[in-house]
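J.: One structure follows; several queries about it will come next.
The values are calculated or read from the model by the stated rules, or taken from the named source; none is laboratory data. Predicted, not measured: the structure shown is a model, and the values here were computed from it. Note that we place each Cβ from the backbone using ideal geometry, even for glycine, and neighbour counts take in every protein chain shown. Surface areas here come from the heavy atoms of the whole protein model, side chains and all, with no ligands, DNA or RNA. Shrake-Rupley method; radii C 1.70, N 1.55, O 1.52, S 1.80 Å.
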Amino acid sequence: MRVPIPHELPREEARRRLRDNAHKMVEHIPGPMAEVLTDWPSEDRMGLTIKAMGQTLRGTVDIEDHQLVVEIALPAMLSFMEPVISGAMQQQGQKLLAKD
């Protein structure tokens, strides 16, 4: 699943907001024992490991000049949820990246 999230921020500000708020992602995942782990293999790429509802999803968030690109590999049993998941990512990403 690939979800582009457009923004009008300088890349540095988009990066700062993502770093400062990545811990809040778990609040938007259903299930009582959800966990989100992040790492930064490079300055403009955040790695994600999402554990919820007995599943482990892995993905990345790439920071580009005018968009964030979220890519997550969904297992076949969750593929039917792709529209809901991508819509939620779009909505939360736009809130995070809204110009002040």
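J.: Is it true that R2 is in contact (Cβ under 8 Å) with a residue 40 or more places away in the chain, open to solvent by less than 30 Å² (accessible area, probe 1.4 Å) and of a type in the set (D, E, K, R)?
T.: no
J.: Something else about it: Residue by residue through segment 44-64, note down the ones that are surrounded by fewer than 11 Cβ atoms within 10 Å (Cβ to Cβ) and either touching a helix residue (DSSP H, G or I) at 6+ places or on another chain (Cβ under 7 Å) or among the aliphatic types (A, V, I, L, M) (or both).
T.: Scanning segment 44-64 gives no hits.
J.: Something else about it: Touching a helix residue (DSSP H, G or I) at 6+ places or on another chain (Cβ under 9 Å), among the charged types (D, E, K, R) and in contact (Cβ under 8 Å) with a residue 40 or more places away in the chain: is that true of E35 in this structure?
T.: Spelling it out, it is not the case that E35 is touching a helix residue (DSSP H, G or I) at 6+ places or on another chain (Cβ under 9 Å), among the charged types (D, E, K, R) and in contact (Cβ under 8 Å) with a residue 40 or more places away in the chain.
J.: Please pick out the residue among H23, H28 that is modelled with pLDDT under 85, closer than 19 Å to A88 by Cβ, open to solvent by 30 Å² or more (accessible area, probe 1.4 Å) and touching a Ser or Thr at 6+ places or on another chain (Cβ under 9 Å).
T.: Step by step, each of H23, H28 is checked, and only H23 is modelled with pLDDT under 85, closer than 19 Å to A88 by Cβ, open to solvent by 30 Å² or more (accessible area, probe 1.4 Å) and touching a Ser or Thr at 6+ places or on another chain (Cβ under 9 Å).
J.: Another question, then. Looking at P41, P75, which one is within 19 Å of R11 (Cα to Cα) and loosely packed, with under 11 Cβ neighbours inside 10 Å?
T.: P41
J.: Something else now. Just need a number here: residues in segment 78-93 that are under 19 Å from V26 (Cβ atoms) and open to solvent by 80 Å² or more (accessible area, probe 1.4 Å).
T.: Residues flagged as under 19 Å from V26 (Cβ atoms) and open to solvent by 80 Å² or more (accessible area, probe 1.4 Å) within segment 78-93 amount to 2.
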